[in-house]
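Enquirer: Below is a structure I'd like to ask you about.
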Amino acid sequence: MSDQPTNNAKYTPWFVCIVALFTTCLITSNITAVKLISIFGLIVPAGIIIFPLSYIFGDVLTEVYGYRRARSVIWLGFFCNLMTVIAIWLGQILPAASFWDGQPAYERILGYTPRLLAASFAAYLAGEFANSFVLAKMKVATKGRFLWARTIGSTLVGQGLDSFVFMLIAFIGVIPPNALANAIITQWLVKSAYEAILTPLTYRIVTFLKRHEGIDVYDHTTRFNPFLIME
């Protein structure tokens, strides 16, 4: 057990793999979220299929490598997502070829309004950092026991904050308060239930990484300021 990863575990292939999966889930969910789907009568964004997986990989990062590493990866995901948005926006404003008739479809599917972008970015940072913070603190408090309680507990906080911040910024004043509250609760419960169901997968990944990486970080002395990226 340690407060931070050893140098030889800093950028192992397994760590890079988890970071890549985390970032891919984040960007993919933001692109697919434009479509609304119906699951058992619940109307939710299509991004809900893969977005909760980013929380699973976020849990794995914090549980195995510690909050410091997770903090760096959260910011990396933020800037990768920002780069994706900028690239999509540039593709939208550049003049289309004379024979290409897909501009309206491009703008309809990939176009983002400033309000939705602000909501998405704010919700991501609030939710991911809350998730990582709660899991790290619970790990120290439980002395590494009850992983299921840490992953589910941190998800309830993180996903709850994510859903609340996004829906509030994106839709307050647009849809009635009661409908807004119902949408927030629905997204929160669906995302949290999704991750709870996948708890056995989280256990397998965490156990595998701890065994192969030879690391199990406890954040006893970590400073939890989310802006200390280079610490």
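Values quoted throughout were computed directly from the atomic coordinates according to the rules given, and no laboratory measurement underlies them. Bear in mind the structure is a predicted one, so any value in this text is a computation, not a measurement. Cβ: placed from backbone, ideal geometry, glycine included. Neighbour counts: every protein chain shown.
Enquirer: Among the listed residues 147, 168, 209, which satisfies the condition of being crowded, with 19+ Cβ neighbours inside 10 Å, more than 19 Å from residue 74 (Cβ to Cβ) and more than 17 Å from the chain's Cα centre (by Cα)?
Expert: Unique residue meeting the criteria: 147.
Enquirer: Where the second residue is among the basic types (Lys, Arg) and part of a helix (DSSP H, G or I) and the first is within 15 Å of residue 124 (Cβ to Cβ) and lies in region 149-161, which pairs have Cβ atoms under 8 Å and are six or more apart or on separate chains?
Expert: Qualifying pairs under 8 Å: 155/191; 159/191.
Enquirer: Would you pick out the residues in region 64-94 that are out of contact with any Lys or Arg (no Cβ under 7 Å at 6 or more places or on another chain), buried (at least 16 other Cβ atoms within 10 Å of the Cβ), within 21 Å of residue 223 (Cα to Cα) and not aromatic (Phe, Trp, Tyr)?
Expert: Scanning region 64-94 gives 66, 68, 69, 70, 71, 72, 73, 74, 77.
Enquirer: What number of residues within region 92-115 are part of a helix (DSSP H, G or I), free of Cβ contacts under 8 Å to residues at least 40 places away in the same chain and touching a helix residue (DSSP H, G or I) at 6+ places or on another chain (Cβ under 7 Å)?
Expert: Residues in region 92-115 being part of a helix (DSSP H, G or I), free of Cβ contacts under 8 Å to residues at least 40 places away in the same chain and touching a helix residue (DSSP H, G or I) at 6+ places or on another chain (Cβ under 7 Å): 3 in total.
Enquirer: Shifting gears a bit: Can you pull out every residue in region 48-89 that is small (Gly, Ala, Ser) and not in a helix (DSSP H, G or I)?
Expert: 66
Enquirer: While we're here: Got a number for residues in region 6-26 being more than 24 Å from residue 199 (Cβ to Cβ), surrounded by fewer than 18 Cβ atoms within 10 Å (Cβ to Cβ) and not charged (D, E, K, R)?
Expert: 7
Enquirer: Of the numbered conditions (1) more than 28 Å from residue 187 (Cα to Cα); (2) under 17 Å from the mean Cα position of the chain (by Cα), residue 101 satisfies every one except a single condition; which is it?
Expert: (2) is the only condition that residue 101 fails.
Enquirer: In region 23-59, which residue that is among the aliphatic types (A, V, I, L, M) and under 12 Å from the mean Cα position of the chain (by Cα) is farthest from residue 155 (Cα to Cα)?
Expert: Once the filter is applied, the top-ranked residue is 27.
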